[in-house]
Number of protein chains: 2
Amino acid sequence: MKISAKGEYALQAVNYLAHKHGQGYIQLKEIALHERIPLKFLEQILTALKNSGILKSRSGPGGGYYLSRPPSEVTVAQVLQSMDLSASPVDCLNECNEFECGKNNERDLCDLRWLWKDIREETVKILESTTFQDIRERKARATRSGETTGSTEGRAEESSRSDKKVHGTVRPIINRR
Amino acid sequence: MKISAKGEYALQAVNYLAHKHGQGYIQLKEIALHERIPLKFLEQILTALKNSGILKSRSGPGGGYYLSRPPSEVTVAQVLQSMDLSASPVDCLNECNEFECGKNNERDLCDLRWLWKDIREETVKILESTTFQDIRERKARATRSGETTGSTEGRAEESSRSDKKVHGTVRPIINRR
DNA sequence: TATAATCCCTACCATACGGATAGGGAATTA
DNA sequence: TAATTCCCTATCCGTATGGTAGGGATTATA
């Protein structure tokens, strides 16, 4: 019951762009470095986000990407949908497979169907109602109150150095596995 | 964001056993056939369920499995937990990985942490509050009102023949993929 | 118009993991 | 002793996911 790397990367990227909203074109490279996402992989992701209208882009020197709408109008759900990620825990809930599912009435499979439906409903509700503005605000609130984000407090804050090139040498981009 | 076959199978099996609760030992074979789950795969699953105390079993002729508690005391969450399936959409929420996560404060990863937490919370709430008794009741209610289960009504009911051997010949067990 | 800097496209590679199989061992009954 | 069941552990296998590679468009700028 995990979200894919692709999904997470997409959200990170959009989140980054949300922070930089209004500051013109942001380059692929910058995002990849800051968020530590493999460059070429991120490239594909941004293309998808662009095709679905969440981002806009321009080639050439000084080119890059930017959020096509203000952060308050971009939801987490929209981003995940652009990546073709379904929030449904089970295939037969995705409309196109509903008929298939019908064949399984004899088994106890469908006994559980409403359960998955409930779960999906709740999940979608959260994903759709969360904008990147919300994420930003929530972060601000958390940092102000000295937390780590989320509810795990008291973590040793051993590093606040940024990723942006510490003269020349750049931290290598680390893979997920 | 899918539940695994293992998880689904486990739930089907337990659901089946819930229906047969109080009827003594039910054989692996019977469950596998009725639910169309690959026999040897199911065997592993039942072993896990047994080790976690949800099922009890006995070898030998007339042996089999049975639910060790009444259906009203077995939750969906318990079954999934026995299979080591986490309801968390993201690794860093599983306590053992929390520290790892702490290292990522610089990235925007953790900005999203509370979101995953909320989703997990909601999911868990549903999973924990649903017992196999509930599932049974809900099914009864659904069939009584002529539905297919879930909310997809009007599906052509082209087959009500059972899986239990129609003289000798047994339907082949179909794989998931 | 040349050149460099970016994004764009499409094909490909690698492998971890989930799903499934196989087979012999240990209980239990008769 | 033999049949029937569950128990254990090792292994296979396909594929979806994560990641690479590289040439082609586009745009800026000099």
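The values are calculated or read from the model by the stated rules, or taken from the named source; none is laboratory data. The structure displayed is predicted, hence computed values, not measured ones. Please note: Cβ atoms are built from the backbone with ideal geometry, for glycine as well, and neighbour counts cover all protein chains shown. Note: accessible area is taken over every heavy atom of the protein model, side chains too, but ligands, DNA and RNA are not part of it. Shrake-Rupley method; radii C 1.70, N 1.55, O 1.52, S 1.80 Å.
What the table below lists for this structure:
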item	result
Accessible area buried between chains A and B, both sides summed, probe 1.4 Å, in Å² to nearest 100	5600
Label distances, nm, B:Gln81 versus same residue in remaining copies, Cβ-directed 7 Å point	3.6
From phi via Karplus (6.51, -1.76, 1.60), per-residue ³J(HN,Hα) for the range B:72-79 in Hz, x at Gly/Pro	6, 10, 10, 9, 4, 4, 4, 5
Test item: B:35-44 mean partner chain Cβ contacts at 10 Å	1
Nm distances between copies for B:Ala5, ranked from closest, using label points 7 Å along Cα→Cβ	2.4
Average beta carbon contacts from partner chains per residue of B:2-12, 10 Å cutoff	3
Spin-label model distance (nm) - A:Lys40 vs A:Asp118, 7 Å beyond Cα toward Cβ	4.7
Residue-level accessible surface for B:Met1, protein heavy atoms, 1.4 Å, Å²	50
Counted charge near B:Gln133, where neighbours are those whose Cβ lies closer than 13 Å (Asp, Glu -1; Lys, Arg +1)	+1
Calculated diffusion of the range B:5-144, Stokes-Einstein form, Kirkwood radius summed over Cα pairs, 4 °C and 1.567 mPa s, µm²/s	78
Solvent-accessible area per residue, Å², over the range A:5-144 with all protein chains present [probe radius 1.4 Å]	45
Shortest-first distances to equivalent copies, position A:Ser52, nm, label 7 Å out along Cβ	3.2
Estimated inter-spin distance, B:Gln27 and B:Ser86, nm [label 7 Å along Cα→Cβ]	4.0
Other protein chain Cβ atoms within 10 Å, averaged over every residue that makes up B:83-90	3
Inter-centroid distance (Cα atoms) of the range A:49-79 relative to the range B:6-22, Å	46
B from A by rotation - nearest chain A beta carbon to the axis, in Å	A:Glu122, 2
Solvent-accessible surface (1.4 angstrom probe) belonging to B:Arg69, in square angstrom, nearest 10	70
Local electrostatic count at A:Pro61 - Lys and Arg +1, Asp and Glu -1, tallied over other residues with Cβ under 15 Å	+1
Estimated distance in nm for a label pair at B:Ser59 and A:Ser4, the labels positioned 7 Å out from Cα along Cα-to-Cβ	4.4
Among the listed pairs A:Lys125/B:Lys29; A:Lys6/B:Lys117; A:Lys2/A:Lys56, those beyond 31 Å (Cα-Cα)	A:Lys125/B:Lys29
